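Only one structure is covered here, and it is reproduced in the block below.
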Amino acid sequence: MAAKTTKAKTAKTTKAKTTKAKTAKTTKAKTAKTTKAKTAKKTTKSKTQRTKVICISHKEDADGISSAALIRQAFGGDAILVDYPGQMDALRQVVEDEKLKSLYICDLGLSKKTQDEFVELIASLRKKRVSVTYIDHHDIDPEIVKQLVKLKVKMIHDINECTAVLVYSAFKSKLTDHASFIATCAAITDYMEDRPIGSKLLQIYDRQFALISATVLTYNIVGHQKDPDYLLYLVEELADSKFPHEIPNTFEFAQIQVEKLSQMIAKVKEGLKTMKNLGYMEILDSGASGAVNFVLGLSGKNVGVAYKERVDHGIYAVSIRGSKSLDTHLGKIVNVLATDLGGSGGGHDKACGAVIPKPKIMTFIKALNKKLN
């Protein structure tokens, strides 16, 4: 009888242990499954973390290209190079990027036509906790500056220095010594090498070496406006601390551009027209920015205007330059006139640009001539 009871107890104990083991196994399996699910969720979350750095910069001159190169050297990331009409499209594109962490906008002035939407898009980015740094030297509406500062956008703005010099000054600790040369080239090509910081940078280098380097860089940029891959290549090479002469074929290509420009002189003499206060000309087979200084000089006027049709957009891209003796701020005037005509524009006191609807180009030129009285 005792043996039978002992056997029953043993069986009961064994059964209990087996049940306990099964329960423990089940619990362990559930825990493992939960842990695995959490890990998977964490992994999925990490895939959508914001890690991307993007710089939107001006593609048409050495200041914009150099600014993008210095941002790349300091912070890494990718560059999006645009002209003024393409600025807003690029911004709309990056607003939708779920991986964007930091955005730098360089050398892209705002016009009255675009500034309100610009603020709205920046506000959208700030709501997503994307850091935004705006670096520029064009004239900006003070009210727009206040709105951007309120959004906690880092504003680096000074009309007395070119954008690349501002980038260099702000992030010098993150840049190589060579970065000062890139900023110097930008200052030269933007006619701002006589400004407080720009002049000090130029003193570091042999003047003629800096001048020829800046010129070669500019001619390669202007001559490759229809080759975005090459412009991005220039950004990468400059970010890697290359001198313009160290980049393959830059001097050869600059020579081609020089030959084209020398032929432009005769074309400007033949096609140039004048009004009381300005000279103007439509450019057919080169960029307006490359011809506008010839228009200014050969017209004998205080202002030169060169414009070229962009058939795909139904507009004219306009470049305007003023003489040293001009005491009117062209950028401010052009901003208002262009906006009133359904276009956009703006820039510096003696160098600016505009986008004007094709049917209204002569209206714009006549209005500008009148404003210069």
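The values are calculated or read from the model by the stated rules, or taken from the named source; none is laboratory data. Bear in mind that the values here come from a model prediction, so they are computed numbers and not experimental data. Because the Cβ atoms are built from the backbone with ideal geometry, glycine has one as well, and the counts that use them run over all protein chains shown.
So the values come out like this:
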item: Residue list for region 152-193, filter: under 18 Å from residue 69 (Cβ atoms) and among the hydroxyl-bearing types (Ser, Thr, Tyr); result: 163, 168, 169, 173, 176, 180, 184, 189
item: Criterion violated by residue 244 - all others in (1) surrounded by fewer than 21 Cβ atoms within 10 Å (Cβ to Cβ); (2) out of contact with any strand residue (DSSP E or B) (no Cβ under 6 Å at 6 or more places or on another chain) satisfied; result: (1)
item: Residue 136, sole failed condition from (1) over 13 Å from the mean Cα position of the chain (by Cα); (2) within 22 Å of residue 343 (Cα to Cα); (3) of a type outside the set (S, T, N, Q); result: (1)
item: Segments classed as helices (runs of 4 or more DSSP H), wholly inside region 275-373, with at least 3 members that are aliphatic (A, V, I, L, M) and buried (at least 23 other Cβ atoms within 10 Å of the Cβ); result: 288-299, 330-340
item: Search result, residues across region 200-209 that are touching a residue at least 12 places away in the same chain (Cβ under 8 Å) and either under 19 Å from the mean Cα position of the chain (by Cα) or surrounded by fewer than 20 Cβ atoms within 10 Å (Cβ to Cβ) (or both); result: 204, 205
item: Residues within region 289-309 that are in contact (Cβ under 8 Å) with a residue 60 or more places away in the chain and either in contact with a Pro (Cβ under 9 Å, 6 or more places away or on another chain) or of a type in the set (A, V, I, L, M) (or both), tallied; result: 2
item: Count - residues of region 224-239 that are under 15 Å from residue 83 (Cα atoms) and among the hydrophobic types (A, V, I, L, M, F, W, C); result: 2
item: Single unsatisfied condition, residue 142 versus (1) under 30 Å from residue 124 (Cβ atoms); (2) over 18 Å from the mean Cα position of the chain (by Cα); (3) modelled with pLDDT of 95 or more; (4) surrounded by fewer than 15 Cβ atoms within 10 Å (Cβ to Cβ); result: (3)
